[in-house]
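Engineer: Could you have a look at this structure, given as structure tokens, before my questions?
The values are calculated or read from the model by the stated rules, or taken from the named source; none is laboratory data. Fair warning: this is a prediction, and the values are worked out from it, not measured in the lab. Here the Cβ positions follow ideal geometry from the backbone for every residue, glycine too, while neighbour counts run over all protein chains shown.
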Amino acid sequence: MDRVADNQQFIMRLLVALPIQNQKVILEEADGSDLLNVSVTEGFMYNPLKTMGYVYGADKNMQIAEKDHDCGLCSNYGCEFRSV
């Protein structure tokens, strides 16, 4: 199986593992209501509908994906994970 298919399967497993109630938690943690003018309905759906919330891990103990992020193109120069 190629890398793209592996990534797609991983994402699908992650989506199944996260309860939809986490939509509200993600929005609150990111302060999305104020910053992005996004809300969550009583059924935990984002409004506007084309909004997407996700959890992205960043930790010194996590393996860094080689093609996931190019630190050389990132403007966060003070990032403790920066490797240029």
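Engineer: Are there any pairs with C-beta distances below 8 angstrom linking a residue in the stretch 72-84 that is more than 21 Å from N61 (Cβ to Cβ) to a residue that is surrounded by 10 or more Cβ atoms within 10 Å (Cβ to Cβ) and among the β-branched types (V, I, T), with the two at least 6 apart or on different chains, and if so which?
Structural biologist: none
Engineer: Here are the criteria: (1) assigned to a loop (DSSP other than H, G, I, E, B); (2) at pLDDT 80 or above. Tell me which single one N61 does not satisfy.
Structural biologist: Unmet condition: (2).
Engineer: Give me a count of the residues in the stretch 1-31 that are touching a strand residue (DSSP E or B) at 6+ places or on another chain (Cβ under 9 Å), modelled with pLDDT under 85 and exposed (fewer than 12 other Cβ atoms within 10 Å of the Cβ).
Structural biologist: Going through the stretch 1-31 one residue at a time, the tally reaches 0.
Engineer: Take the residues of the stretch 21-57 that are more than 26 Å from F81 (Cα to Cα) and among the acidic types (D, E): which is farthest from the chain's Cα centre (by Cα)?
Structural biologist: So the residue we want is E42.
Engineer: What's the number of the only condition in (1) part of a loop (DSSP other than H, G, I, E, B); (2) modelled with pLDDT of 85 or more that D34 fails to meet?
Structural biologist: (1)
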